[in-house]
Amino acid sequence: MVRSNVKTVKYRVGKNNYLIINIYQSSEAKADNGNVLASNAATVQIFRKNRR
């Protein structure tokens, strides 16, 4: 993977809270002989904070 950029936005409508995650990725692969695979997969984990 060449570059990854993540932006998160939180907003609230009424009683509902929304979380938007924008992931921008770019990948590049080169080979002289054989096969090349450029993967653009992303793993996202969302954790809930404890409110005290």
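Nothing in this text is a laboratory measurement; each read-out follows from the coordinates by a stated rule. These numbers come from a predicted model, not from an experiment. FYI the Cβ positions are ideal-geometry reconstructions off the backbone, even for glycines, and counts take in every protein chain you see.
The loop-placed chymotrypsin sites (Phe, Trp or Tyr not before Pro) in the chain, going by DSSP, that have at most 13 neighbouring Cβ atoms within 10 Å of their Cβ come out as F47. Placing +1 on the Cβ of every Lys and Arg and -1 on the Cβ of every Asp and Glu, with no other charges, gives the chain a dipole of roughly 800 debye about its Cα centre. Extension gain for N33 to V9 (0.36 nm times residue separation, less C-alpha to C-alpha distance): 4.3 nm.
I want the local charge near Y18. Using Cβ-Cβ distances under 12 Å, sum +1 for each Lys or Arg and -1 for each Asp or Glu among the other residues.
Working: positive: K10, R12, K15; negative: none.
Around Y18, the surrounding residues sum to +3.
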